[in-house]
Structures are given as C-alpha cells and as structure tokens.
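Structure in structure tokens, see below.
Computed from the coordinates by the stated procedures, all read-outs in this text should not be read as laboratory data. None of the values given here were measured: they were computed from a predicted structure. A quick note on method: Cβ atoms are made from the backbone with ideal geometry, for glycine too, and the neighbour counts reach across all protein chains shown.
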Amino acid sequence: MASASGTTGAMAPPPLPVHLRQEQPNEQPTYTGFTRFELELEFVQALGNPSYLNHLAARKLLNNPAFIAYLDYLQYWTRPPYLKYLSYPGPALKHLQLLQLEKFRQDIISPHLVQALTAEGMKTAVEYHLKKEPPLKKPGSKDKKDAVAKNDDSSKKDTASGPRPPPKPARKPRKPEIRGG
C-alpha cells in the first residue's frame, strides 16, 4: 500500500476530527457520511465486545491476512492523541492487543472463552464502580459527627421526661364493602 509520501509501507492514521485540530482542515473524504477517523474509532470500540470478536471469528475474518494487517495498523489507537477518544479503552485495547496473537484469534471462536471474557469485563466494571462510589451506610450506623452532635444535644435535654412511649400498633386494613345493585 502506498503512503502519502509515495513510498510503500504502513498507512498513516487518519487526521483528528476537524473541530479538534488547530490548523485549517483539508477536505476529508467521507464514507457513507462518516470520516475514516469516525469509522475506525467505532470499529476499535466494538472490539471491546467479546461477542463481536466471536462473530468476526465465525465469519473467518480473523484468518484473513489483510484483516490481520488492518488490526496491526489499528495499534495507533494505543497512543495519544487518539487514545483519549475511546469511551472504554480498557477492554477495546486489551482485545486489540490479544488479536495480535494467532492463538487468541483461533480460540475466540469458543463460546467458553467469550463467556469468560464477558464475565471478566463485568467483574472489572463492578469493581471499578465500587471503588469510584463512596460506600453506602448500613442502616442504624452513624457517622462520628452524628454521634458527637447527638451527645451534645442530649446534655441539653431535660432528662426528667423519662423514656419514650412504645410505638402504636399498626391498624388492621379494612375489608372492602361489597355494594349490591
């Protein structure tokens, strides 16, 4: 394949989207209304889905030398400035890296491997969100600040009032009346 400089070799990555570049854009060709950047971004993000990898294997695309070369070309997504455009770079780039290995390309046809990758991705997502969000308070547990504030308030209360009365029992629901006509 000829590059822009006229020598044979690997194709250059697409230019960044127009609104993100500082220089004036050259007219980028579009394919069905999308730029090459958008199409390749969408494809690399789809590689994060183990079921899609299984689909590619079932269609025998992972045995095609031209497709394998394309996967190698897509390695530019692992570097800035392209890396920041991936919504979920972890699974997408991990699978892109694994697709460079012939053994993985052969094994991804197995539903067991697809299931294992899916379970691993779910586990990673859950762990990420548990670390990101503050832990929920258990019912009845109190913060130290709440306990200190309560102690301060209790010293101000009149202790002669005694214990609180027990709560009232819940009412029994009424049976609906049946009206005849």
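Taking the Cβ-Cβ separation of GLN97 and ALA58 as r and a Förster radius of 25 Å, what is the calculated FRET efficiency to the nearest 0.05?
Approximately 0.75, to the nearest 0.05.
In percent, how large is the relative contact order of the range 33-132, given Cα pairs closer than 8 Å and 6 or more residues apart?
Computed over the range 33-132, the figure is 37 percent.
Tell me, Kirkwood radius of the range 33-132 from alpha-carbon pair distances, in Å?
Computed over the range 33-132, the radius equals 14.2 Å.
Here's a follow-up. Give a residue-ordered list of calculated ³J(HN,Hα) values for the range 91-108 (Karplus: 6.51 cos²θ - 1.76 cosθ + 1.60, θ = phi - 60°; whole Hz; x for Gly, Pro).
x, 5, 6, 4, 5, 4, 5, 5, 5, 6, 8, 4, 4, 5, 4, 7, 7, 5
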